[in-house]
Amino acid sequence: MHERDRHADPGLIGGRMTHLCVPIFVTKLDKARREIAAALAAGADLIELRIDKIDDDSLVKTLSGENPGRTILTRRSKSEGGFHEGGSGISAARDFAYIDIELAAVLSDRMVLGRTSPDKVILSTHDLRAKPANLDELVKKANALPAGVNKIVWQAQSILENLDALKLLKNSKRPTIALCMGEVGLISRVLAKKFGAFLTFASLDAESATAPGQITIADLKNLYRWDAIKSTTKVFGVVAHPVRHSMSPAIHNAAFADIGFDGVYLPMLVEPDYDSFKSFMDGFLRFDGMDLSGLSVTIPHKENALRYLKETGSEIEELGERIGAINTISIERSGKLSGKNTDYAAILESITGKLGVGRDGLQGLRVAVLGAGGTGRAAVAGLTHYGANVIIWNRSGERAKALAEEFEASVMSLDELCREECDVFINATSVGMYPKVEENPLGGREMPVSAKTLVFDTIYNPMKTRLLIQAEAAGAKTIGGVEMFVRQAAAQFETWTNQPAPLAIMRRVISDRLDG
């Protein structure tokens, strides 16, 4: 009996078990044995033996015989992203679980299927350029052939194509693998289990990936909580462009795991323009079974998020709307949306926590804010709201002047600012961020600080910027960007889960990743 026909139990989704498969390229027996052992030890259910680099079937028989029922044999052709000059046919081998045969080869010669029991056949098709225009037709052709599993994979150009892959899983008539390659396709790989795919692939390590966008088994299981994903799992994510190096998935997924929350948090790469953001929101919100429940929104989409919420008549936090940027969207089961800005609160809490005062203690403080972008606006809005006397510097003087007029602050040149002693200095620019860690937003100027001065750099990578090193040398108190990052994420977490955020866990995770 096939996996998808078993009665449901806690390990099955909709009566279907989703396997975790690690592919390895077979070239030498000893190397293959080591990699198979490592993959199984890491938690793989199946091993795909990619044998398109060899023609030694005796080696294939040895490996499948040593791992009975755990191997998929694949000889991928060059036309579908492999290395084999001919088709994908493989002579019969003993003790394998499945054999991958390309649909194109079968359509050319039905005899290719004759060597293998149909229930062991994975009928596969791969498009390395884009989503096939005849996707539905390919599925119909595969369903008409005797096989155990359908596999359809393509190079995704848009985040919305993940929905096409997940739709194939939802509507499948037989066990199905449907994956998008490339960075935007990560969603289809992780959520394969939520939607009952036959399997998903994960590489043994970053260097051994067999397809673009394939993530490691360690990341899939530890970072993206593979073992905890169910059909009921709520989906969260960070919407950004670029998004590859975001720390948000690591801290939110670790926090979900710490409190046993049924959620998974994913990176979501969305093109910078508003139409792309709107299409993403509309598509993911309407997709049945997605359970999209919350989004972190960052560069360049904070203004897009505010516009979208306004156009849909959603609830918007007053100060967030005044700042002109939303970084947190909450989605109720009914579909109701709400948005707020947790950056300003994180900035205020970081400062008041270090100074040992409440927000009313900000009244009358002289605060210099370097930068008039999104983070600068959040700082200026929050601080002036609580009565601080804010001075703004920005590379673009006109932008600084406009921000000052909007929030009743003042403007100074950098030279003037460095002659004035303030209670708090805040760097809200990106100067000094990795990889340009030697840069300082003050240039070669000295900072007018004393032991009473607090210097706050909102950059979190590196954890200790050149500005903070200079401030500490002058005897000032300092706050690094990790504190702000954790606090804004914690506010999002509590908004979505209605539970206290595990701050210690979140701080440890980001510190460990930055140290690494």
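So what J values fall out for the stretch 352-360 if you push phi through Karplus, 6.51 cos²θ - 1.76 cosθ + 1.60 with θ = phi - 60°, rounded to Hz, Gly and Pro as x?
5, x, 5, 7, x, 10, x, 5, 5
Return the long-range amide H neighbours of His19 (sequence gap of 5 or more, or a different chain), with a cut-off of under 5 Å between placed amide H atoms.
Residues meeting the amide H criterion: Leu199, Thr200.
Testing the spin-label approximation: label points 7 Å from Cα along Cα→Cβ at Lys464 and Lys336. State their distance in nm.
If labels sit at Lys464 and Lys336, their model points lie 4.8 nm apart.
Under the rule of -39500 (n - 2.57) per DSSP H run of 4 or more residues, summed and divided by the residues of the chain, what mean residue ellipticity at 222 nm is obtained, to the nearest 500 deg cm²/dmol?
On the way: 17 runs with 173 residues, N = 516.
Value at 222 nm, helices only, nearest 500: -10000 deg cm²/dmol.
On a full-extension model of 0.36 nm per residue, what is the gain between Arg174 and Ala473, subtracting their alpha-carbon distance, rounded to one decimal in nm?
Numbers: separation 299, 0.36 × 299 = 107.64 nm, distance 6.62 nm.
Net length gain for the segment: 101.0 nm.
Enter the accessible area per residue of the chain (Å², integer; probe 1.4 Å; all protein chains in place). Provide the component values of the computation, followed by the final result.
On the way: 21800 Å² over 516 residues.
Accessible area per residue: 42 Å².
Can you compute the FRET efficiency between Met111 and Ala218 using 1/(1 + (r/R0)^6), with r the Cβ-Cβ distance and R0 = 60 Å? Round to the nearest 0.05. Working shown, then result.
Numbers: r = 41 Å, r/R0 = 0.69.
After rounding, the FRET efficiency stands at 0.90.
For the stretch 276-307 and the stretch 438-516, write down the distance between their C-alpha centroids in whole Å.
What the calculation gives is 28 Å, centre to centre.
Whenever you get a sec, compute what percent of the accessible area on the stretch 460-516 sits on carbon and sulfur atoms (1.4 Å probe). Intermediate results must be reported in sequence, preceding the final value.
Numbers: 1250 of 2510 Å².
That fraction is 50 percent.
With only alpha-carbon pairs counted, each pair once and no self-pairs, how large is the Kirkwood hydrodynamic radius of the chain in angstroms? Kindly include the intermediate steps, with their values, before the conclusion.
Values: mean 1/r = 0.0396 Å⁻¹.
The answer is 25.2 Å.
Under a 5 Å amide H to amide H cut-off, with H placed in plane at 1.01 Å, what residues pair with Leu292 once short-range neighbours are removed?
For Leu292, the qualifying residues are Val235.
Is any residue of the stretch 411-443 close enough, with backbone N under 20 Å, to a label point placed 7 angstrom from the Cα of Glu303 along the Cα-Cβ axis, and if so, which?
428-431
Check the straight Cα-Cα distances from Lys221 and name the lysines below 22 Å, setting aside those fewer than 8 residues away within the same chain.
Lys193, Lys194, Lys230, Lys234
Given the C-alpha atoms of the stretch 365-516, compute the convex hull and give its volume per residue in Å³. Show your work: numbers first, answer last.
On the way: hull volume 18.7 nm³, N = 152.
Taking the convex hull of the Cα positions in the stretch 365-516, it is 123 Å³ per residue.
Size of the dipole of the stretch 195-300 about the Cα centre, Lys and Arg at +1 and Asp and Glu at -1 on the beta carbon, nothing else charged, in debye to 20? Can you show the working numbers first?
Numbers: 7 positive and 12 negative charges, 32 e Å.
Rounded to the nearest 20 debye, it is 160 debye.
Residues with amide H under 5 Å of Gln214's amide H, sequence separation 5 or more or different chain, H placed in the peptide plane at 1.01 Å from N; which?
Counting only residues 5 or more places away or on other chains, the set is Gly182.
In the stretch 209-367, what percent of the accessible surface is made up of carbon and sulfur (1.4 Å probe, ligands and nucleic acids excluded)? Mind showing how you got there, number by number?
Details: 2980 of 6420 Å².
Exposed carbon and sulfur together represent 46 percent of the surface.
Above 29 Å lies some portion of the pair distances; for the stretch 184-336, what is it as a whole percent of all C-alpha pairs? Kindly include the intermediate steps, with their values, before the conclusion.
Values: 2026 of 11628 pairs.
Result: 17 percent of Cα pairs exceed 29 Å.
Leu319 to Lys167: FRET efficiency via 1/(1 + (r/R0)^6), r the Cβ-Cβ distance, R0 51 Å, to the nearest 0.05?
On the way: r = 39 Å, r/R0 = 0.77.
Efficiency at R0 = 51 Å is approximately 0.85.
Using the Karplus equation 6.51 cos²θ - 1.76 cosθ + 1.60 (θ = phi - 60°), what ³J(HN,Hα) coupling, rounded to whole Hz, does each residue of the stretch 104-111 give in order, writing x for Gly and Pro?
Calculated HN-Hα couplings, in order: 4, 5, 5, 5, 7, 8, 4, 5 Hz.
In debye, nearest 20: dipole of the chain around its Cα centre with unit charges on the Cβ of K, R (+) and D, E (-)? Spell out each step's value before the answer.
Working: 62 positive and 65 negative charges, 243 e Å.
In total the dipole reaches around 1160 debye.
Can you give the Rg to Rh ratio of the stretch 286-350, both from alpha-carbon atoms, with Rh computed by the Kirkwood formula?
On the way: Rg = 12.1 Å, Rh = 12.2 Å.
The Rg/Rh ratio comes out at 0.99.
Rounded to the nearest 0.05, what FRET efficiency do Glu408 and Ala206 have when you use their Cβ-Cβ distance and R0 = 51 Å?
Details: r = 51 Å, r/R0 = 0.99.
Calculated transfer efficiency: 0.50.
Label Ser58 and Asp360 with points 7 Å out from Cα along Cα→Cβ: what is the distance between them in nm?
8.7
Filter the trypsin sites (Lys or Arg not before Pro) in the stretch 462-511 to those in DSSP coil with at most 13 other Cβ atoms within 10 Å of their Cβ, and list the result. List each step's numbers first, then the result.
On the way: sites: Lys464, Arg466, Lys477, Arg487, Arg507, Arg508; in loops: Lys464.
Answer in residue order: no site qualifies.
Quick one: of the DSSP bridges fully inside the chain, what percent are antiparallel, nearest 5?
Working: 8 of 73 bridges.
Bridges in the chain are about 10 percent antiparallel.
Where Rh is the Kirkwood radius over the Cα pairs of the stretch 308-394, the temperature 37 °C and the viscosity 0.692 mPa s, what D in µm²/s does Stokes-Einstein return? List each step's numbers first, then the result.
Values: Rh = 13.9 Å.
The estimated diffusion coefficient comes to 237 µm²/s.
The values are calculated or read from the model by the stated rules, or taken from the named source; none is laboratory data. From a predicted model like this one, the values you see are computed outputs, not experimental measurements. Glycine also receives a Cβ, built like all others from the backbone with ideal geometry; neighbour counts cover every protein chain displayed. These area figures cover heavy atoms from the full protein model, side chains too; ligands, DNA and RNA do not enter into them. Shrake-Rupley method; radii C 1.70, N 1.55, O 1.52, S 1.80 Å.
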